[in-house]
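Take a look at the structure below.
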Amino acid sequence: YYHIAIEGNWEGKNILHAEQSPQDFCATNGIDLSEFEAARTGILNILQEARSKRVSPKKKKKCQLSWNALFHLAIFEVYISASDEAYLQLAVEHMQQMLAVFKTNEGWKHVDYDRPFITANADDWSYLIRALLRLASISLEVRWLHQAKDILEWGMEKYFDIQNEMFLFSARDKDIPIRKLEVLDNILPSVNAVMSENLRILGMIGNNHEWITLSDKINHKIYIF
């Protein structure tokens with residue numbers, strides 16, 4: 001079932017892998033499913049006991065703001081698809097947790113774990129605003145708009161590059177040799193593309209023509225690039 005061979009199944013060693021479900025395997029080979037599962041469970045328990053004696057790899061435990069904000073947006077996709085109010089409630093609880101965990105007296109932080117404070121990057125900041133706007137549009141609660149506006153104003157002081165009229169990836173008060181300015185999407189969405197949308201939405205809601213104009217300028221630069 002797991003393709004174990006005396007000579008090994010990968011570079012002289014055996015890597016357990018199953019290509020069929022237990023049900024299909026038993027049906028194909030004329031094996032009683034209950035007997036097969038009993039035997040398989042016993043063997044896996046023996047392997048688990050042997051593996052528990054090995055030194056476990058170190059785990060990097062961290063809770064990152066940008067990843068949580070993107071996950072928050074994913075919750076809404078499930079909510080819209082499933083029309084299940086439980087996901088909307090999950091989104092509200094998740095946002096409340098993010099606002100509690102990542103907000104400090106020093107501002108917003110990049111990760112939450114037992115290390116010195118690390119200021120949020122622009123992806124953390126911009127994705128959080130986007131998540132708040134999405135939550136406001138779905139829940140129709142104005143409190144999330146106020147949160148988004150306050151966070152945007154905080155980030156304008158941290159990440160906005162007046163010379164380029166775009167947003168830097170790292171906060172200006174960080175002591176680093178090179179400052180990245182993202183224009184195109186990579187593994188994660190472009191900070192400036194996300195902020196262009198954030199500025200337009202909040203600019204239109206708050207009748208802030210400065211933010212709307214800045215959104216247009218960023219869009220124009222992204223298009224030229």
Original post:
Using a 1.4 Å probe, what is the accessible area per residue for the stretch 122-182, in Å²?
Top reply: 49 Å²
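Averaged per residue, what accessible area in Å² does the stretch 5-52 show with a 1.4 Å probe, protein chains only? Working shown, then result.
Working: 3820 Å² over 48 residues.
Computed with neighbouring chains in place, this is 80 Å² per residue.
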Original post:
Tell me, what is the percent relative contact order of the stretch 1-115, built from C-alpha pairs under 8 Å that lie six or more residues apart?
Top reply: 18 percent
Original post:
How would you order 22-33, 52-63, 197-208 from highest to lowest mean count of nearby Cβ atoms within 10 Å?
Top reply: 197-208, 22-33, 52-63
**OP:** Please work out how much accessible surface residue 83 shows to a 1.4 Å probe, ignoring ligands, DNA and RNA, in Å² rounded to 10.
**Re:** 90 Å²
**OP:** Quick one: pull the percentage of alpha-carbon pairs in the chain with a separation above 22 Å.
**Re:** 64 percent
Original post:
Using unit Cβ charges (K, R positive; D, E negative) and no other charged atoms, how large, in debye to the nearest 20, is the dipole of the chain about its Cα centre?
Top reply: 840 debye
Original post:
In the full protein assembly as shown, how much of residue 93 is accessible to a 1.4 Å probe, in Å² to the nearest 10?
Top reply: 100 Å²
**OP:** In whole Å, largest first, what are the principal axis extents of the Cα atoms in the stretch 129-186?
**Re:** 42, 24, 18
Original post:
Counting Lys and Arg as +1 and Asp and Glu as -1, what is the net charge of the other residues whose Cβ lies under 12 Å from the Cβ of residue 132?
Top reply: +2
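As a test of the formula, what do you get for the chain when each DSSP H run with n ≥ 4 contributes -39,500 (n - 2.57) and the sum is divided by the residue count, at 222 nm and rounded to the nearest 500 deg cm²/dmol? Numbers along the way, then the final one.
On the way: 8 runs with 131 residues, N = 225.
The helix-only estimate for the chain comes to -19500 deg cm²/dmol at 222 nm.
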**OP:** Stick to Cα atoms and the Kirkwood definition of Rh, then tell me Rg/Rh for the stretch 72-177.
**Re:** 1.02
**OP:** Quote the charge dipole size of the stretch 86-139 about the Cα centre in Debye, to the nearest 20; the model charges only the Cβ of Lys and Arg (+1) and of Asp and Glu (-1).
**Re:** 140 debye
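The values are calculated or read from the model by the stated rules, or taken from the named source; none is laboratory data. These numbers were taken from a predicted model, which means no experiment stands behind them. Using ideal geometry, Cβ is built from the backbone for each residue, glycine included, and neighbour counts are taken over all protein chains shown. These area figures cover heavy atoms from the full protein model, side chains too; ligands, DNA and RNA do not enter into them. Shrake-Rupley method; radii C 1.70, N 1.55, O 1.52, S 1.80 Å.
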